[in-house]
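One structure below.
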Amino acid sequence: MFTIRQANSSDSLAIAKVQLVSWSAAYGELLPSAYIKEQDSLAAKVEMWQKVIAHPEASTWVAQDKNDEDCEHVVGFISCFNKDSEWEITTLYILPDYQGQGMGSKLMNSALDHILAANSRAKLYLWVLATNVKAISFYQQHGFVASAQSSEEWYEGSKIVDIKMVRSLPNSES
């Protein structure tokens, strides 16, 4: 059984672990291996998530697998950040063994419900690696469309391109 709840400070380590495992799985063949290895610091991720969870403009939800009454563990999460009525989904990761079970959609819906409750006219966006076809397809299924904006970065001779995807909430102005 899976549950979705808002993250708290005690979730920092679990979220960091999910991010590291999912990051490697998602980008292992899409980014240079040295780039991935640079991002592979559990201590740095834990410190980052402690700050994110405590930040008043950030909202993070975790998905837990309650496989028995005594054990529950974080298997996915989503985080978003609010600035001037614009919400950025900054991260969405699910452990590889739990992908394809609807958890990403449940996490996305939790974030969207929260954003809509906070501001019915909010604008929503995210950045995604242009070659991450699986993620782009997922976001399109949730109403996101590619905008004309992109961001390029060079890493050891490899060009890394992120595209901005946007989504209007039902009551937002176009």
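The values are calculated or read from the model by the stated rules, or taken from the named source; none is laboratory data. Since this is a predicted model, take the numbers as computed values, not measurements. Ideal geometry is used to build each Cβ from the backbone, glycine not excepted, and the neighbour counts take in all protein chains shown. Accessible surface is based on the protein model in full, side chains and every heavy atom, while ligands, DNA and RNA are left aside. Shrake-Rupley method; radii C 1.70, N 1.55, O 1.52, S 1.80 Å.
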Exercise. Residue by residue through segment 110-146, note down the ones that are open to solvent by 40 Å² or more (accessible area, probe 1.4 Å), among the hydroxyl-bearing types (Ser, Thr, Tyr) and farther than 21 Å from residue 33 by Cα.
Key: 120, 125, 137
Quiz item: Pairs, please: C-beta under 8 Å, at least 6 apart or cross-chain, first residue farther than 15 Å from residue 112 by Cβ and in segment 138-160, second at pLDDT below 95 and in a helix (DSSP H, G or I)?
Solution: 155/34; 155/35; 156/34; 156/35; 158/35; 160/35
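Just give me the residues in segment 81-91 being part of a strand (DSSP E or B) and surrounded by fewer than 23 Cβ atoms within 10 Å (Cβ to Cβ), in sequence order.
Selection gives 81, 82, 83, 86, 88, 90, 91.
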Practice problem: Would you be able to say whether some residue in segment 30-37 is surrounded by 17 or more Cβ atoms within 10 Å (Cβ to Cβ) and of a type in the set (Ser, Thr, Tyr)? | Solution: no
Practice problem: Please indicate, with yes or no, whether at least one residue in segment 120-131 is touching a residue at least 60 places away in the same chain (Cβ under 8 Å) and under 16 Å from residue 22 (Cα atoms). | Solution: yes
Quiz item: Only one residue in 65, 11, 40 is modelled with pLDDT under 90, surrounded by 16 or more Cβ atoms within 10 Å (Cβ to Cβ) and not hydrophobic (A, V, I, L, M, F, W, C). Which one?
Solution: 65
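In segment 147-167, what count of residues is obtained for those that are among the small types (Gly, Ala, Ser) and surrounded by 11 or more Cβ atoms within 10 Å (Cβ to Cβ)?
Here is the first cut: in segment 147-167, the ones among the small types (Gly, Ala, Ser) are 147-148, 150-151, 157-158.
With the extra rule that they be surrounded by 11 or more Cβ atoms within 10 Å (Cβ to Cβ), the set shrinks to 147, 150-151, 158.
The qualifying residues number 4.
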Quiz item: Name the residues in segment 92-109 that are open to solvent by less than 60 Å² (accessible area, probe 1.4 Å) and touching a strand residue (DSSP E or B) at 6+ places or on another chain (Cβ under 8 Å), would you?
Solution: 92, 93, 94, 95, 98, 103, 104, 107, 108
Quiz item: How about segment 21-37: which of its residues are modelled with pLDDT of 85 or more and assigned to a helix (DSSP H, G or I)?
Solution: 21, 22, 23, 24, 25, 26, 27
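Within the bounds of segment 44-55, is there any residue that is at positive phi and more than 14 Å from the chain's Cα centre (by Cα)?
So in segment 44-55, the residues at positive phi come out as none.
Looking for residues that are at positive phi and more than 14 Å from the chain's Cα centre (by Cα), one finds none in segment 44-55, hence no.
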